[in-house]
Amino acid sequence: MMKLEIDHLTKRYYVEREQRQVLALSDVSLSVADGEFVAIVGPSGCGKTTLLNIVAGLLPYEVGTISIDGKRIDGAGVDRAVVFQHASLLPWRTIAGNVRYGMELHKRFDRAAMLERTSYFISLVGLAGFERHYPSELSGGMQQRVNLARALAADPLVLLMDEPFAALDAQTRELMQAELLKIWAEARKTVLFITHQINEAIYLADRVAVMSGRPGRIKGIFKVPFERPRALSMKRDPRFLQIEDAIWQVVEETAATGALEVGSLK
C-alpha cells in the first residue's frame with residue numbers, strides 16, 4: 001500500500017525583480033509505501049527542499065496532486081511532521097517541553113498521554129536523563145535528537161526530513177545516521193529524506209530517487225539491496241560503491257543537462 005503519492009507535480013516561482021516565472025519542479029511523480037524509507041538526492045538547486053516543503057504543506061503548487069492514504073492533501077496537517085536541517089528548538093523550554101510542543105499544538109493527546117509519549121520518545125532517541133536540560137546545554141547532535149523526538153511524538157503518518165545532519169561534523173553525522181536507523185526500526189514511520197550526500201542516502205534508504213537539475217524531475221530510482229539492520233561497515237561493501245557510482249553518474253548527467261533548462265516561462 002502506498003502511504004504517500006506525488007503525482008505529476010509542477011511548481012513555478014515568480015521572480016519579482018526580474019518580472020518572470022521560473023520553473024522549479026516539472027512533472028514530478030514519486031510513491032512511497034507504508035513504512036518505507038525513501039531518500040532524494042540531486043544537484044544543488046534542483047528543487048529537493050522545494051519538493052519537501054510542498055509535501056509538508058508549506059508551499060503551494062500549480063499542477064498535480066499529493067495524497068496520503070489515498071486522500072488528497074492541500075496545506076499543512078497533523079499527518080506530517082518535518083525535521084529540518086537546524087533543530088530550531090525553543091530555547092526557553094526544557095527538552096521535555098520541546099518534545100511536548102508539537103503535541104500541544106495538535107491537541108490530539110490528553111496530558112497523561114503527552115507525558116507518557118514525551119518520556120518514551122526522549123528515551124528512544126537516547127536522551128533519558130536530559131528531560132530538564134535546556135537546548136543550550138546540549139551538543140548539536142543531541143539537539144537534533146530532540147528535534148526528531150518532537151516530530152515522532154506528534155505521531156505523524158509521514159516523516160519529512162530535510163538534510164537533518166548537514167550542520168553536524170563528519171563523525172557526529174555518521175553516528176547520527178546509525179542512530180536514526182535504530183530509531184526508525186522502532187518507530188517504523190514512512191520517511192521522505194532529503195540529502196546531498198549520496199552515501200548517506202544509500203545507507204539509510206530502501207530506495208534512492210535522483211532528481212535532475214532545475215527544473216527538478218525524477219530521473220532515476222535505485223533500489224538499495226542491503227538487508228536491515230545495517231551497519232556502517234556496509235559503506236565499504238563493493239556493492240555499495242557500485243550503487244554510489246551509478247547514482248553519481250545520473251547526478252552528473254542531470255546537473256549538466258539541467259543547467260541548460262533554466263529559463264523563464266511566459
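Each reported figure results from applying straightforward, stated rules to the coordinates on display, with no laboratory input. Here the structure is a predicted model, which is why all the values come from computation and not from measurement. Cβ: placed from backbone, ideal geometry, glycine included. Neighbour counts: every protein chain shown.
Using Cα positions and a limit of under 16 Å, work out the lysines in reach of Lys48, with same-chain residues fewer than 8 apart set aside.
Candidates past the 8-residue exclusion: Lys11, Lys219.
Can you show me the helix-derived [θ] at 222 nm for the chain, built from DSSP H runs with n ≥ 4 at -39,500 (n - 2.57) apiece and divided by the number of residues, rounded to the nearest 500.
Using -39500 (n - 2.57) per qualifying helix, the result is -11500 deg cm²/dmol.
Sorted by mean Cβ packing within 10 Å, highest first, what order do the peptides 19-29, 55-65, 159-169 take?
Highest-to-lowest ranking by the protection proxy: 159-169, 19-29, 55-65.
Quote the relative contact order of the stretch 121-266 in percent (integer), defining contacts as alpha-carbon pairs under 8 Å separated by 6+ residues.
19 percent
By a straight-distance test (C-alpha under 17 Å), which lysines pair with Lys223 as possible cross-link partners, with residues fewer than eight away in the same chain excluded?
Within the straight-line cut-off, Lys223 pairs with Lys235.
Largest first, please: the extent of the C-alpha atoms of the stretch 1-86 along each principal axis, to the nearest Å.
That works out to 43, 26, 22 Å along the principal axes.
Please give the charge dipole size of the stretch 77-194, origin at the Cα centre, charges +1 on K and R Cβ atoms and -1 on D and E Cβ atoms. Round to the nearest 20 debye.
The calculated dipole for the stretch 77-194 is roughly 300 debye.
Would you kindly give the portion of the calculated P(r) for the chain that falls above 30 Å, as a percent of all Cα pairs?
Summing the P(r) of the chain above 30 Å gives 30 percent of all pairs.
Given Cα pairs under 8 Å that are at least 6 residues apart, what percent is the relative contact order of the stretch 77-194?
Reported as a whole number, the value is 39 percent.
Taking each pair of different alpha-carbon atoms in the stretch 57-96 once, compute 1/r for the pair, average those values, and report the inverse of that mean as the Kirkwood hydrodynamic radius in Å to one decimal.
Kirkwood radius, the stretch 57-96: 13.0 Å.
How big is the Cα convex hull of the stretch 133-180 in projection, averaged over all directions, in nm²?
3.7 nm²
Below 8 Å, C-alpha to C-alpha, sequence gap of six or more: please give me the relative contact order for the chain in percent.
27 percent
Bins of 5 Å, beginning at zero and ending with the bin holding the largest distance: percent of Cα pairs per bin for the stretch 137-242, please.
2, 10, 21, 24, 20, 14, 7, 1, 0
From Cα coordinates alone, what are the radius of gyration and Dmax values for the stretch 77-194 in angstrom?
13.1, 40
About its Cα centre, how strong a charge dipole does the chain have in debye, to the nearest 20, once Lys and Arg get +1 and Asp and Glu get -1 at the Cβ?
360 debye
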